[in-house]
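Peer 1: Input: one structure, supplied below.
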Amino acid sequence: MFFENIKSPTQFLKILNDIIHVEQKKIFEDADLPTVKVKQINENQITLYYYSERKLCKLLEGLLEGMGFHFKQKVSYVHRSCMKNGEDQCVYEVKFL
């Protein structure tokens, strides 16, 4: 339904806030949803900014790995900064190989 026209992991990440999280909010009105921002570095590399009150960065890492599986691409990432260490948001450098 949401993924029919999505051809890459980057495309998927770019719609999280605008489509997926909007639909989740319809079902779970009181949900405290994370914010994901994507900065495109090049065709195969992004910087990912993640903010969540619950600081579920490991869930995001699982999402990245699952997207690699779904889109048949290897994914590597480095968790540059983390909310659990007092940062305002998590920052990931992500490469799709």
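Peer 1: Say we look at the range 56-79 and pick out the residues that are touching a Cys at 6+ places or on another chain (Cβ under 8 Å) and farther than 16 Å from residue 10 by Cα; which of these is modelled with the highest pLDDT? Let's see the steps before the verdict.
Peer 2: Of the residues in the range 56-79, the ones touching a Cys at 6+ places or on another chain (Cβ under 8 Å) are 57, 60, 79.
Within this subset, residues satisfying the condition of being farther than 16 Å from residue 10 by Cα are 57, 79.
Numbers: 57: 94, 79: 98.
Result: 79.
Peer 1: Considering every residue within the range 81-93, establish whether at least one is within 10 Å of residue 9 (Cβ to Cβ) and hydrophobic (A, V, I, L, M, F, W, C).
Peer 2: no
Peer 1: Continuing with this model, one more query. Looking only at the range 81-92, how many residues end up being surrounded by 13 or more Cβ atoms within 10 Å (Cβ to Cβ) and farther than 17 Å from residue 34 by Cβ?
Peer 2: The qualifying residues number 0.
Peer 1: Could you run through the range 50-62 and say how many residues are of a type in the set (A, V, I, L, M, F, W, C) and surrounded by fewer than 17 Cβ atoms within 10 Å (Cβ to Cβ)?
Peer 2: Residues flagged as of a type in the set (A, V, I, L, M, F, W, C) and surrounded by fewer than 17 Cβ atoms within 10 Å (Cβ to Cβ) within the range 50-62 amount to 2.
Peer 1: Return a yes/no flag: does the range 9-17 have any residue that is at pLDDT below 95 and either in a loop (DSSP other than H, G, I, E, B) or surrounded by fewer than 15 Cβ atoms within 10 Å (Cβ to Cβ) (or both). Spell out the reasoning first.
Peer 2: At the first step, the residues of the range 9-17 found to be at pLDDT below 95 are 9-17.
Next, from what is left, pick out any that are either in a loop (DSSP other than H, G, I, E, B) or surrounded by fewer than 15 Cβ atoms within 10 Å (Cβ to Cβ) (or both): 11.
Yes - at least one qualifying residue is present in the range 9-17.
The values are calculated or read from the model by the stated rules, or taken from the named source; none is laboratory data. Values in this document were obtained by computation on a predicted structure and should not be read as measured data. Glycine gets a Cβ as well: all are built from the backbone with ideal geometry, and neighbour counts include every protein chain shown.
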